1. So, in region 78-107, how many residues would count as being within 22 Å of Gly191 (Cα to Cα) and in contact with a strand residue (DSSP E or B) (Cβ under 9 Å, 6 or more places away or on another chain)?
2. Gly98 - would you say it is more than 12 Å from the ligand (Cβ to nearest atom), closer than 19 Å to Ala11 by Cβ and out of contact with any His (no Cβ under 7 Å at 6 or more places or on another chain)?
3. Do we have any residue at all in region 140-148 that's away from the ligand (no atom under 11 Å from the Cβ), charged (D, E, K, R), open to solvent by 50 Å² or more (accessible area, probe 1.4 Å) and in contact with a helix residue (DSSP H, G or I) (Cβ under 8 Å, 6 or more places away or on another chain)?
4. Take the residues in region 113-133 that are within 16 Å of the ligand (Cβ to nearest atom) and not hydrophobic (A, V, I, L, M, F, W, C), then tell me which one is least open to solvent (accessible area, probe 1.4 Å).
5. Could you list, in sequence order, the residues of region 183-196 that are touching a residue at least 12 places away in the same chain (Cβ under 8 Å), more than 11 Å from the ligand (Cβ to nearest atom) and either within 22 Å of Lys310 (Cα to Cα) or out of contact with any helix residue (DSSP H, G or I) (no Cβ under 9 Å at 6 or more places or on another chain) (or both)?
6. Output the residue which, of all residues in region 231-280 that are more than 16 Å from the ligand (Cβ to nearest atom) and of a type in the set (S, T, N, Q), is farthest from Val107 (Cα to Cα).
7. Any idea which of (1) within 15 Å of the chain's Cα centre (by Cα); (2) over 23 Å from Ala213 (Cβ atoms) is the one Gly110 doesn't satisfy?
Amino acid sequence: MTVTLAGTGAALPERVLRNSDFDHLGSSDEWIVKRTGIRERRWLRDDERLADLATQACERALTDAGIDAKDVQRVIVATSTADRISPGIAVETADRIGADRPAAHDVSAGCSGFLYALDQAVAAIETGRAEHVLVCGAEALSRITDKTDRSTAVLLGDGAGAVVVSAHPGAMRPSFALASDGTQIDLLYVGKEDQLLRMRGRDIYEAAVDAMAGHTAMVLANRALTTDDLDLFVAHQANARIVQAVARRLDMPAQKVFVNIEKVANTSAASIPIALTAAQDSRALHPGALVGLAAFGAGLTWAAGVIGWKTPRSTD
Ligand code: ACO
């Protein structure tokens with residue numbers, strides 16, 4: 001069975017923090033925009049829950065896909081910042097959207113988590129074990145942000161995004177490739193002691209460009225495709241300069257590269273589905289499109305994929 005992305009949706013907290021809200025750390029709007037492309041980010045308030053955002057994003061994705069929650073056999077949420085240590089938020093989300101006791105579990109693979117989860121969803125459908133799978137990325141990074149450290153505090157945002165992954169006879173067979181390198185664990189981590197995110201930004205930057213460009217080239221080659229065949233490239237929104245450097249390395253024209261980090265900052269595992277939703281809303285993504293995806297994050301982990309977007313029925 002072949003597979004398509006059938007719908008998407010996103011949800012962001014109401015509270016907006018602008019770059020000027022970090023001036024007291026010795027930061028500036030000019031520095032943040034020039035080095036990252038970020039202008040604002042959303043942070044949950046202390047009494048708000050990530051599961052609420054995940055639920056809204058999943059409901060919106062189902063509506064967009066025209067799929068009933070009862071027809072979803074599996075719900076996977078990629079997150080490193082669930083409301084509780086255990087259980088994660090997939091089970092609660094599945095219940096709240098009205099799914100009928102589906103398989104439900106979280107995936108933890110840093111900023112690559114959404115693509116790791118999407119790969120599992122595609123595999124479940126290709127092997128006939130599911131027809132519709134909801135894949136959500138949801139993060140409350142403000143809860144693991146050192147708010148006194150200008151080098152990380154300005155980069156991170158909260159939010160959730162989701163896609164419905166559906167069986168679709170006649171769609172192109174998706175191509176995914178995942179990887180990890182545990183020798184680089186200290187580049188980016190959240191420790192047990194202070195439970196705050198620490199990273200070596202410059203080292204991550206260089207590794208991210210190599211890994212995302214290399215794996216995107218690999219998933220294209222696996223299906224005998226080139227960047228000319230892609231309609232849109234949506235990479236993890238860690239830094240606009242990283243995404244642009246990956247695109248340059250792949251010889252991808254700027255108009256095929258989607259960037260929405262300006263409004264949401266780095267939302268880790270939530271960034272790709274939030275970007276897909278923004279791309280559809282802005283008409284950068286149209287039914288029948290072939291989408292390239294790439295992500296990179298803590299672990300280190302990285303991943304890339306190529307998959308059809310709302311593949312029309314006429315290709316059945
Ligand atoms: N405002 C002003 N100055 C700052 C700020 C700030 N907010 N933050 C850092 N600086 C300073 C640094 O202290 C440094 O000063 P120094 O030269 O006096 O030491 C200077 O700016 C340059 O710092 P660099 O780290 O060299 O700047 P760079 O161009 O590499 O940009 C950045 C930093 C934005 C972090 C970049 O390296 C990056 O995006 N890296 C990847 C980050 C990433 O993707 N992390 C993973 C995401 S987190 C997650 O996964 C949840």
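1. The number of residues fulfilling the criteria is 11.
2. yes
3. Among the residues of region 140-148, at least one is away from the ligand (no atom under 11 Å from the Cβ), charged (D, E, K, R), open to solvent by 50 Å² or more (accessible area, probe 1.4 Å) and in contact with a helix residue (DSSP H, G or I) (Cβ under 8 Å, 6 or more places away or on another chain), which makes the answer yes.
4. Gly113
5. Matches in region 183-196: Ile185, Asp186, Asp194.
6. Checking each candidate, the answer is Gln255.
7. So the condition that Gly110 fails would be (2).
Here's the yes/no breakdown for (1) modelled with pLDDT of 95 or more; (2) open to solvent by less than 10 Å² (accessible area, probe 1.4 Å):
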{"position": "Ala57", "(1), (2)": "yes, yes"}
{"position": "Arg60", "(1), (2)": "yes, no"}
{"position": "Ile76", "(1), (2)": "yes, yes"}
{"position": "Pro87", "(1), (2)": "no, no"}
{"position": "Thr93", "(1), (2)": "yes, yes"}
{"position": "Cys111", "(1), (2)": "yes, no"}
{"position": "Val135", "(1), (2)": "yes, yes"}
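The values are calculated or read from the model by the stated rules, or taken from the named source; none is laboratory data. Remember, predicted model here, so these are calculated numbers, not experimental data. Cβ atoms come from the backbone with ideal geometry, glycine included; neighbour counts cover every protein chain shown. We work out accessible area using only protein heavy atoms, side chains counted, and drop any ligands, DNA or RNA first. Shrake-Rupley method; radii C 1.70, N 1.55, O 1.52, S 1.80 Å.
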